[in-house]
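See structure below.
The values are calculated or read from the model by the stated rules, or taken from the named source; none is laboratory data. Because the structure is a prediction, the values reported are computed rather than measured. Quick reminder, even Gly has a Cβ in these numbers, built from the backbone with ideal geometry, and neighbours come from all protein chains shown.
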Amino acid sequence: MVAPHVTGVAALVWGANPSLSYSQVRSKNLSTVKPISALSGKTVTRGVLNANNAVR
């Protein structure tokens with residue numbers, strides 16, 4: 001169920017910044033997660049996707 005959410009946020013980021021490359025959008029999505037200590041060791045990012053932070 002995470003794939004549609006990540007895809008949606010990537011589309012929002014690209015819509016706000018159409019000149020970004022794929023790797024820049026991916027990096028932005030991965031670096032703007034909301035950290036959740038309970039997810040440490042369970043996810044790559046140790047947090048949840050945050051669309052608001054990614055678009056800014």
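Checked against the criterion of being at pLDDT 95 or above and either among the hydroxyl-bearing types (S, T, Y) or more than 12 Å from the chain's Cα centre (by Cα) (or both), the candidates S23, S37 yield just one match: S23.
Farther than 16 Å from A3 by Cβ, modelled with pLDDT under 90 and not polar (S, T, N, Q): is that true of G15 in this structure? Here the answer is no, as G15 does not meet what is asked. Every test in (1) at pLDDT below 90; (2) within 9 Å of the chain's Cα centre (by Cα); (3) of a type outside the set (A, V, I, L, M, F, W, C) is passed by T43 save one, and that test is (2).
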